[in-house]
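Asker: I'd like to ask you about the structure that follows.
The values are calculated or read from the model by the stated rules, or taken from the named source; none is laboratory data. It should be emphasised that the depicted structure is a prediction, and the values quoted were computed from it without experimental measurement. All Cβ positions, even for glycine, are placed from backbone atoms using ideal geometry, and neighbour counts span all protein chains on display.
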Amino acid sequence: MSLLTDDFRSNQGLVRYGQLGAGAPVVLVHGTPGSSFVWSKVAKHLAKHWHVTVYDMPGYGASDKFGTQDVRLRAQAQVLRELLAHLGIERPHLVGHDFGAAAVLGAHAVEKVDVASLAIIDGVAVNPWGTPYSLLVKQNIKVFEAIPPHIHKAALEAHLRGATSRILDEATMYALVSPWLGEAGQAAYYRQVAQYDHDFTAELETLYPRIAAPTHILWGAEDQWIPPENGQRLQRLIPGATLDYLKDAGHFAMLDTPDTVADRICGFLRALDHRL
């Protein structure tokens with residue numbers, strides 16, 4: 001069952017979002033090629049203690065997808081700022097996975113969103129990034145845009161099998177793949193790959209030393225998409241950041257070990273409460 005119940009008009013089209021729970025605001029931002037679905041179990045756990053917001057980034061999931069859309073990382077940081085303003089959320093705890101990490105870090109460091117804390121999970125945050133397959137797609141984007149739908153689907157499913165440490169069941173695989181199927185979905189998938197924004201993460205790397213917000217980094221110990229060592233690189237760049245590796249978790253740690261991810265986020269946020 002989808003957590004998304006509402007929408008708002010961003011500068012990059014309609015964005016679907018949902019909210020649950022009560023308390024201090026926690027916003028969960030997914031990565032690529034995911035959607036808010038990846039947070040389903042984690043969000044329900046966190047909502048026992050906090051007010052949780054999830055959404056599909058423009059160009060992803062149930063949000064708008066269209067040909068002239070800007071889905072670069074810098075655009076996603078802007079849309080996150082817009083969403084927070086639309087909802088009247090001030091000083092949220094921002095949690096970002098993969099591309100969502102760059103959106104969260106960009107919203108704070110570039111868009112000047114004031115935050116209570118930052119949590120990064122297997123983040124696209126330091127260069128270089130991109131799996132060998134996704135970089136091959138970017139380098140040959142016109143070829144991949146033209147492949148038949150059944151080959152696109154099979155290739156995407158094969159790619160996603162490397163994102164987790166466990167075997168994805170049919171329902172989970174369908175939830176991940178279905179937004180990228182059909183004419184609009186397939187075009188949107190290659191559009192976001194074509195717009196991979198390494199310049200933005202390079203800019204972010206220069207800004208990390210200025211981050212003063214409490215920052216916790218979680219990384220799947222079995223991540224095959226982004227080397228776990230990148231967690232250490234990011235930790236060294238952000239003053240005071242802490243790092244925790246997740247045993248038995250791959251890149252999509254919230255699918256492999258949702259209870260552990262939720263528990264670690266809860267522990268981080270509760271420790272901040274005790275500081276006040």
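Asker: In segment 110-139, which residues are touching a Phe, Trp or Tyr at 6+ places or on another chain (Cβ under 7 Å), of a type in the set (A, V, I, L, M) and more than 24 Å from residue 236 (Cβ to Cβ)?
Answerer: The one that is touching a Phe, Trp or Tyr at 6+ places or on another chain (Cβ under 7 Å), of a type in the set (A, V, I, L, M) and more than 24 Å from residue 236 (Cβ to Cβ): 137.
Asker: Output the residues belonging to segment 151-172 that are free of Cβ contacts under 8 Å to residues at least 24 places away in the same chain and either in a helix (DSSP H, G or I) or buried (at least 19 other Cβ atoms within 10 Å of the Cβ) (or both).
Answerer: Once the filter is applied, which keeps residues that are free of Cβ contacts under 8 Å to residues at least 24 places away in the same chain and either in a helix (DSSP H, G or I) or buried (at least 19 other Cβ atoms within 10 Å of the Cβ) (or both), segment 151-172 yields 151, 154, 155, 157, 158, 170, 171.
Asker: Separate question: Looking at (1) surrounded by 19 or more Cβ atoms within 10 Å (Cβ to Cβ); (2) within 18 Å of residue 38 (Cα to Cα); (3) among the hydrophobic types (A, V, I, L, M, F, W, C); (4) without any contact (Cβ under 8 Å) to a residue 60 or more places away in the chain, which is the one condition that is false for residue 124?
Answerer: Failing condition for residue 124: (4).
Asker: Here are some residues: 55, 17. Which one is under 11 Å from the mean Cα position of the chain (by Cα), farther than 23 Å from residue 162 by Cβ and among the aromatic types (Phe, Trp, Tyr)?
Answerer: Only one candidate passes the filter, namely 55.
Asker: Starting from segment 1-19, keep only residues that are within 12 Å of residue 87 (Cβ to Cβ) and exposed (fewer than 15 other Cβ atoms within 10 Å of the Cβ), then list their pairs with residues that are modelled with pLDDT of 95 or more and not small (Gly, Ala, Ser) whose Cβ atoms are within a distance under 8 Å, requiring at least 6 positions of separation or different chains.
Answerer: Going by the 8 Å Cβ cut-off, the qualifying pairs are 6/16; 6/17; 6/19.
Asker: Just for segment 23-45: of the residues that are of a type in the set (A, V, I, L, M) and buried (at least 24 other Cβ atoms within 10 Å of the Cβ), which one is nearest to residue 192 (Cα to Cα)?
Answerer: 29
Asker: Condition test on residue 142, is it modelled with pLDDT of 95 or more, of a type outside the set (Gly, Ala, Ser) and more than 22 Å from residue 97 (Cα to Cα)?
Answerer: It is true that residue 142 is modelled with pLDDT of 95 or more, of a type outside the set (Gly, Ala, Ser) and more than 22 Å from residue 97 (Cα to Cα).
Asker: With the structure loaded, tell me whether residue 81 is surrounded by 18 or more Cβ atoms within 10 Å (Cβ to Cβ) and touching a residue at least 12 places away in the same chain (Cβ under 8 Å) or whether it fails that test.
Answerer: Against the criterion (surrounded by 18 or more Cβ atoms within 10 Å (Cβ to Cβ) and touching a residue at least 12 places away in the same chain (Cβ under 8 Å)), residue 81 qualifies.
Asker: For a quick check of your reading of the model, give me the residue pairs whose first member lies in segment 220-241 and is among the aromatic types (Phe, Trp, Tyr), whose second is assigned to a loop (DSSP other than H, G, I, E, B), with beta-carbon atoms closer than 7 Å and at least 6 apart or on different chains.
Answerer: Between residues of segment 220-241 that are among the aromatic types (Phe, Trp, Tyr) and residues that are assigned to a loop (DSSP other than H, G, I, E, B), the close pairs are 225/131; 225/162; 225/163; 225/251.
Asker: Restricted to segment 21-47, and to residues that are out of contact with any Leu (no Cβ under 7 Å at 6 or more places or on another chain) and assigned to a strand (DSSP E or B), which residue is farthest from residue 100 (Cα to Cα)?
Answerer: Among them, the one singled out is 25.
Asker: I've got another one for you. May I ask you to list the residues in segment 87-113 that are acidic (Asp, Glu) and either within 19 Å of the chain's Cα centre (by Cα) or buried (at least 18 other Cβ atoms within 10 Å of the Cβ) (or both)?
Answerer: 98, 111
Asker: Are there strands (runs of 3 or more DSSP E) fully within segment 48-150 with at least 2 residues that are more than 23 Å from residue 7 (Cα to Cα)? List them.
Answerer: Here the list reads 117-121.
Asker: Any residue at all in segment 173-194 that is more than 25 Å from residue 55 (Cβ to Cβ), in contact with an Asp or Glu (Cβ under 8 Å, 6 or more places away or on another chain) and surrounded by 14 or more Cβ atoms within 10 Å (Cβ to Cβ)?
Answerer: Looking through segment 173-194, none of the residues is more than 25 Å from residue 55 (Cβ to Cβ), in contact with an Asp or Glu (Cβ under 8 Å, 6 or more places away or on another chain) and surrounded by 14 or more Cβ atoms within 10 Å (Cβ to Cβ).
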